[in-house]
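See below for the structure under consideration.
What follows is calculated from the coordinates using simple rules that are stated; it is not laboratory data. This structure is a prediction, so every number in the text was calculated from the model and none was measured. Note: ideal-geometry Cβ built from the backbone for every residue, glycine included; neighbour counts use all protein chains shown.
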């Protein structure tokens with residue numbers, strides 16, 4: 001089984017290295033339209049792979065991840081779309097039992113990330129994920145649950161390996177709130193790693 005920690009560390013280190021090198025070597029250089037088009041052309045397509053997430057195996061203390069099969073697409077409008085993101089997975093990351101139970105029955109939602117390319121070879125990008133809005137009924141009332149991700153951060157990044165046609169993206173969940181309240185029900189910032197091929 002792939003290890004979430006390995007991917008998280010790898011992606012963060014590579015992104016930090018590439019983002020830092022772009023800022024220091026090129027004095028704030030940003031990609032040209034042609035370079036962005038080349039990145040889009042390389043990344044675009046439909047992907048099949050795994051969604052890897054933190055999950056402690058009660059039978060093996062060294063096994064700290066689990067995975068689900070997942071599909072997503074990268075479009076020419078600099079957007080990654082996961083049409084069937086398993087919102088029920090979010091229940092694993094909250095401590096409030098009432099909210100956890102409600103999330104366990106949540107339907108799949110569409111997840112969208114806007115890409116900001118920072119390097120051409122290999123293709124590296126920031127993945128800025130739009131909030132996920134969930135309408136849930138629990139505790140005798142309707143509630144709006146909002147899931148927020150880190151954006152413009154080396155913690156939410158992606159890298160494309162053209163030789164293997166493999167795309168790896170880490171998204172970092174930063175907040176789960178209810179009815180626009182200030183309480184964050186998320187136990188800890190939680191990485192989700194998408195690893196797949198065209």
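Each peptide in 160-171, 117-128 receives the mean, over its residues, of other Cβ atoms within 10 Å, and ordering these scores from highest gives 117-128, 160-171. Its DSSP H runs of at least 4 residues, each contributing -39,500 (n - 2.57), put the calculated 222 nm mean residue ellipticity of the chain at -6500 deg cm²/dmol, to the nearest 500.
GNM on the chain, alpha-carbon springs under 10 angstrom: the most fluctuating residue among 158, 174, 139 is 139. Can you work out D for the chain in µm² s⁻¹ from Stokes-Einstein, where Rh is the Kirkwood radius over C-alpha pairs, the temperature is 10 °C and the viscosity is 1.306 mPa s? Estimated diffusion coefficient is 90 µm²/s. With a cut-off of 19 Å on the backbone N, the residues of the range 103-124 near the modelled label site 7 Å out from residue 175 along Cα-Cβ are 112-114. This ranking places 180, 198 by how few other beta-carbon atoms lie within 10 Å of each, fewest first, which gives 180, 198. Summarising the label geometry, the points placed 7 Å from Cα in the beta-carbon direction at residue 38 and residue 77 lie 2.6 nm from one another.
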